[in-house]
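Right, one structure below, let's go through it.
Computed from the coordinates by the stated procedures, all read-outs in this text should not be read as laboratory data. Keep in mind it's a predicted model, so treat the numbers as computed, not measured. For neighbour counting, all protein chains shown are included, and Cβ atoms are generated from backbone atoms with ideal geometry for every residue, glycine included.
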């Protein structure tokens, strides 16, 4: 009985870790983005307008966020210079959370704020 209880507790703990590890937060994004003004990266309103929907943005993320698929960053010189940094941040923060990240961007634009 004690062994079964230990296994249940361990399994529940692992499930809690996997749930929290998969949660997506836009809080770190504030270092480079704002809702309605360009910072290091483009304004999220501009990104939302360019892609039109979370699904369209998620498709770019799922495609590997290739520079040639980036509508804003690929077309504006000031962001082309940030290509390596954007790729690194994508790999660190978004990869594996593509749908969540796209939805979070559009939700942030709608609410007017990034992260807590």
Practice prompt. Output the number of residues of the range 47-78 satisfying the condition of being crowded, with 19+ Cβ neighbours inside 10 Å and out of contact with any helix residue (DSSP H, G or I) (no Cβ under 6 Å at 6 or more places or on another chain).
Written response: 2
Worksheet entry | the range 77-111, subset under 16 Å from residue 32 (Cα atoms) and in a loop (DSSP other than H, G, I, E, B), residue farthest from the chain's Cα centre (by Cα) | 81
